Amino acid sequence: MLAELAAANAAFAVIKKTLANTGELARAGKAISDFVIAKEELQRKGNKKKRSGVRTSDLEEFMALEKIKQQEEQLKQIMIYAGRPGLWNDWQKFQAEARKERRVQEELAKRRRAEIMEMLGLGAVAIAISAGVAGLLAWMAWLKGWFD
């Protein structure tokens, strides 16, 4: 959780510094992307802990999410005042679509991994059966004295 918070803080610092130096929000695109990814990862880890029943650092998690929320509010103000009209709303829509696409890609990757694991399992079973049959044939040949 601390790594994600550190990544979000670093990305936000880059956004502010880029805006202060250039006055152009577009030049901070990579940092904005990094900020959003770190925020989503922090939220995902928090939700995963809630589902699994692990609740060791509630205050730490709350404070990290609160810090992210404050930074996101600052980013909103930056986009409203330094960007074009409607930029924040367009950004929200874009983020929602990108989030949905990432979820679809994650699900596809999960299915692909499951298919690969199934194929590996079937391959292992086929090898075990082949080895068993070969061993059985070798044993039968030894009993008949073919190897003497």
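The values are calculated or read from the model by the stated rules, or taken from the named source; none is laboratory data. Given the structure is predicted, the values throughout are model-derived calculations rather than measurements. A quick note on method: Cβ atoms are made from the backbone with ideal geometry, for glycine too, and the neighbour counts reach across all protein chains shown.
Looking at segment 94-148, which of the residues that are of a type in the set (Asp, Glu) and at pLDDT 95 or above is farthest from GLU40 (Cα to Cα)? It would help to see each step written out before you state the result.
The initial filter retains those residues of segment 94-148 that are of a type in the set (Asp, Glu), namely 97, 101, 106-107, 115, 118, 148.
Keeping just the survivors that are at pLDDT 95 or above gives 107, 115, 118.
Details: GLU107: 16, GLU115: 27, GLU118: 30 Å.
It comes out as GLU118.
May I ask you to say which residue of LYS76, LYS45, LYS69 is surrounded by fewer than 12 Cβ atoms within 10 Å (Cβ to Cβ), within 26 Å of the chain's Cα centre (by Cα) and in a helix (DSSP H, G or I)?
On the way: LYS76 fails: surrounded by fewer than 12 Cβ atoms within 10 Å (Cβ to Cβ); LYS45 fails: surrounded by fewer than 12 Cβ atoms within 10 Å (Cβ to Cβ).
Just a single option satisfies the conditions, and that option is LYS69.
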Quick one: what pairs do we get from segment 1-28, first residue within 15 Å of MET79 (Cβ to Cβ), second of a type in the set (Gly, Ala, Ser) and at pLDDT below 80, C-beta under 7 Å, 6+ apart or different chains?
-> LEU19/ALA82; LEU25/ALA82; LEU25/GLY83
Kindly indicate whether GLU61 is at pLDDT 90 or above and among the charged types (D, E, K, R).
-> no
Evaluation of GLU24 against (1) at pLDDT 80 or above; (2) assigned to a loop (DSSP other than H, G, I, E, B) (one fails), failing number | (1)
Within segment 13-41, residues exposed (fewer than 14 other Cβ atoms within 10 Å of the Cβ) and acidic (Asp, Glu) come out as GLU24
